[in-house]
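Novice: Attaching a single structure in structure tokens format; questions to follow.
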């Protein structure tokens, strides 16, 4: 999916004394102006569980002040070849939605896919570097388990309930310096090594941006990333 916006404003300033420390990057990802229009989604099956009426898309969630939820923020161009983890992460299907919508995992981690709905789903990954999967998950079936070895952003969907109705993303990270923005669009990247870096922000609707950033030894950094909405095209 191509970017829905064409303008990015970045403000980087030093934070005053507070809870953050040297090497920390705290920030906000926000949308200014009118957000891009997203079509409501309607399920094509299992209306008793999924609902019979169209529901708003969760591909772009904004706080009242325009903070962007579920943006992935990380240090670009870095890679730790030996960085791996056997940790297990959980991706659930509840009322015909993936929870969480965006999941960040290290290489080698196990993703356990639950089906809390008690109806048939299918778990379909659109991977490029990892094996793609398309597995049926009937009601009361055991959780699916998959391990992703290669860093990439993997789109996930369920085809049973209509094109685009159920969607999620699994981000296989290249290093520990990743963060996901919260409900208010805020993020925190702790313990970034000092020096020049490139900060990358990825969002499934707004696209990808890379910006230069310098991390010092004497204080934290505050970053505000503003995407312009429809009026800024």
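The values are calculated or read from the model by the stated rules, or taken from the named source; none is laboratory data. Here the structure is a predicted model, which means the values were calculated and not measured. Glycine also receives a Cβ, built like all others from the backbone with ideal geometry; neighbour counts cover every protein chain displayed.
Novice: Quick check on this structure: which one of 162, 167, 185 is at positive phi and at pLDDT 90 or above?
Specialist: Step by step, each of 162, 167, 185 is checked, and only 185 is at positive phi and at pLDDT 90 or above.
Novice: Additional query: So residue 154 ticks every box in (1) touching a residue at least 40 places away in the same chain (Cβ under 8 Å); (2) under 23 Å from residue 78 (Cα atoms); (3) under 21 Å from the mean Cα position of the chain (by Cα) but one. Which box is left unticked?
Specialist: Here residue 154 meets the rest and fails (1).
Novice: Turning to a different aspect of this structure: On the given criteria, is residue 122 part of a loop (DSSP other than H, G, I, E, B) and free of Cβ contacts under 8 Å to residues at least 40 places away in the same chain?
Specialist: In short, no.
Novice: May I pose another question? Just to be sure before I move on: is residue 43 more than 30 Å from residue 190 (Cβ to Cβ), at pLDDT below 95 and touching a helix residue (DSSP H, G or I) at 6+ places or on another chain (Cβ under 7 Å) in the structure I sent?
Specialist: yes
Novice: With the checklist (1) over 12 Å from residue 71 (Cα atoms); (2) in the same structural domain as residue 64 (by TED's automatic domain parsing); (3) in a loop (DSSP other than H, G, I, E, B) in hand, flag the one item residue 196 doesn't pass.
Specialist: (3)
Novice: Checking the conditions here, which among 201, 172 is in contact (Cβ under 8 Å) with a residue 60 or more places away in the chain and assigned by TED's automatic domain parsing to the domain that holds residue 90?
Specialist: So the residue among 201, 172 that is in contact (Cβ under 8 Å) with a residue 60 or more places away in the chain and assigned by TED's automatic domain parsing to the domain that holds residue 90 is 172.
Novice: Take residue 38 and decide whether it is assigned to a loop (DSSP other than H, G, I, E, B), surrounded by 15 or more Cβ atoms within 10 Å (Cβ to Cβ) and in contact (Cβ under 8 Å) with a residue 40 or more places away in the chain.
Specialist: Judged against the criteria, residue 38 is not a match.
Novice: Is there a residue in region 214-227 that is exposed (fewer than 13 other Cβ atoms within 10 Å of the Cβ), touching a strand residue (DSSP E or B) at 6+ places or on another chain (Cβ under 6 Å), over 28 Å from residue 26 (Cβ atoms) and in contact (Cβ under 8 Å) with a residue 12 or more places away in the chain?
Specialist: For region 214-227, residues exposed (fewer than 13 other Cβ atoms within 10 Å of the Cβ), touching a strand residue (DSSP E or B) at 6+ places or on another chain (Cβ under 6 Å), over 28 Å from residue 26 (Cβ atoms) and in contact (Cβ under 8 Å) with a residue 12 or more places away in the chain: absent.
Novice: Does residue 65 satisfy the criteria of being more than 19 Å from the chain's Cα centre (by Cα) and touching a residue at least 12 places away in the same chain (Cβ under 8 Å)?
Specialist: Answer is yes for this residue.
Novice: Looking at 101, 84, 94 in this structure, which one is farther than 21 Å from residue 228 by Cα, in contact (Cβ under 8 Å) with a residue 24 or more places away in the chain and out of contact with any strand residue (DSSP E or B) (no Cβ under 7 Å at 6 or more places or on another chain)?
Specialist: Unique residue meeting the criteria: 84.
Novice: Among the residues in region 82-98, are any more than 19 Å from the chain's Cα centre (by Cα), assigned to a loop (DSSP other than H, G, I, E, B) and at pLDDT below 85?
Specialist: yes
Novice: Sticking with this one: How about region 125-146: which of its residues are assigned to a loop (DSSP other than H, G, I, E, B) and either surrounded by fewer than 16 Cβ atoms within 10 Å (Cβ to Cβ) or not assigned by TED's automatic domain parsing to the domain that holds residue 92 (or both)?
Specialist: Result: 128, 129, 131, 132, 138, 139, 140, 141, 142, 143.
Novice: Which residues, taken from region 99-115, are assigned to a strand (DSSP E or B) and within 18 Å of residue 159 (Cβ to Cβ)?
Specialist: 113
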